[in-house]
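What follows is calculated from the coordinates using simple rules that are stated; it is not laboratory data. Treat the numbers as computed from the prediction; the structure is a model and nothing was measured. A quick note on method: Cβ atoms are made from the backbone with ideal geometry, for glycine too, and the neighbour counts reach across all protein chains shown.
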Amino acid sequence: MTSRLSLLLPLIALVACRTERTDGESARASAEPPAYVQAVDAAIPTTSSPATEPDKWLLAHLDVETTGLVPGYHEMIDAGFVITDLDGNVLDSLFVRVMPEHPERLSPGAAKVNAFDAAKWKQLGALTTKQAVDTIVAFNTRVAAGRHVLLTAFNSQFDAAFLDHLMRREGRTWREMYHYFVLDIPSMAWSRGYRELTGQALAKRLGIPDEPRVAEDHTGVTGAMLNVRIYRELRKQQ
């Protein structure tokens, strides 16, 4: 009897393990994806192209200030949006301050660049995450007025990532507002032979006004307007 039991125990354990794994896989398979994933799936694709229908397309120049360099750990504390046509003519702009959920994560480097201070942000009327997301979506929807919009930024992966994390917290996605592709201004400049990797250096090389470099005056909207000036100058060189 003992011998038979010893043979059966491994088999019983194997069956239990497989049952547990199957149950776990079924639970994961039946779970609905997060709201921000469902929002991406609901984004309406477009067959239009800025090459063939330029009047139906706009650019949203974005620049963000953050509490640090790591999206998802550090947070956006302000953002500037400047919407232009494909030639860089400004249609409208938006500036929002956002109160981060973890202001204690502010990195020394970020503080030197944007002078973030939680008490000051509260005094200046910084928005909650929900208020900021609602404001950003409403602004983009109003200005776009049914046209397609390409997100455009300086170091676009950085800005897009922070915008993505901000909107995820409200179950939203930036794909509600913008096309899947994102334009990167340093990449545009690189293709023209410019090797400067900062907005300050590129502005100097192109001979255009830089944005303020004093932390208290350095915001997302000043950065977004610098992006527009650089974009316009690069367009002149076509």
Can you list the HN-Hα couplings for region 209-222, worked out from phi with the Karplus curve (6.51, -1.76, 1.60; θ = phi - 60°), rounded to whole Hz and with x for Gly and Pro?
x, 7, 8, x, 10, 7, 3, 5, 9, 8, 10, x, 6, 5
Quick one: longest stretch of the chain between exposed loop trypsin sites (Lys or Arg not before Pro), exposed meaning at most 13 other C-beta atoms within 10 Å and loop per DSSP?
1-191
Placed amide H near LEU58: partners under 5 Å, 5+ positions off or other chain:
HIS148, VAL149, LEU150
Full-extension gain in nm, GLN131 to TYR73, via 0.36 nm per residue minus C-alpha separation
18.9 nm
Using 0.36 nm times the number of residues separating ARG205 and VAL113, minus their current alpha carbon distance, what extension gain do you get?
30.9 nm
Quick one: what does P(r) look like for the chain with 10 Å bins over all Cα pairs, in whole %?
7, 27, 29, 17, 7, 6, 4, 3, 1, 0
Please give the contour-minus-distance gain from ALA51 to HIS148: 0.36 nm per residue of separation, less the Cα-Cα distance, rounded to one decimal in nm.
33.7 nm
Excluding residues fewer than 8 places away in the same chain, name every one of the lysines whose C-alpha is closer than 22 Å to that of LYS236.
LYS56, LYS204
Which whole-angstrom value gives the distance between the alpha carbon centres of region 186-208 and region 146-182?
23
For the chain, what is the relative contact order in percent, using Cα pairs closer than 8 Å and at least 6 residues apart in sequence?
24
Please compute the Cα-Cα pair-distance distribution of region 87-196 with 5 Å bins starting at 0, giving whole percents from short to long.
2, 9, 16, 21, 20, 15, 11, 5, 1
Please give me, ordered by residue number, the chymotrypsin sites (Phe, Trp or Tyr not before Pro) of region 169-238 that lie in loop per DSSP and have at most 13 other Cβ atoms within 10 Å.
TYR180, PHE181
Can you work out ³J(HN,Hα) from phi for every residue in region 115-122, in order, using Karplus 6.51 cos²θ - 1.76 cosθ + 1.60 and θ = phi - 60°, giving whole Hz and x for Gly and Pro?
6, 5, 8, 4, 5, 5, 4, 4
C-alpha long axis of helix 2-30 to longest principal axis of the chain, angle in °:
30
What do you get for the angle between helix 156-168 and the principal long axis of the chain? Use alpha-carbon atoms, 0 to 90 degrees, nearest ten.
60
Once the in-chain neighbours fewer than 8 apart are removed, the aspartates and glutamates whose Cα is under 14 Å from LYS112 read GLU65, GLU216, ASP217
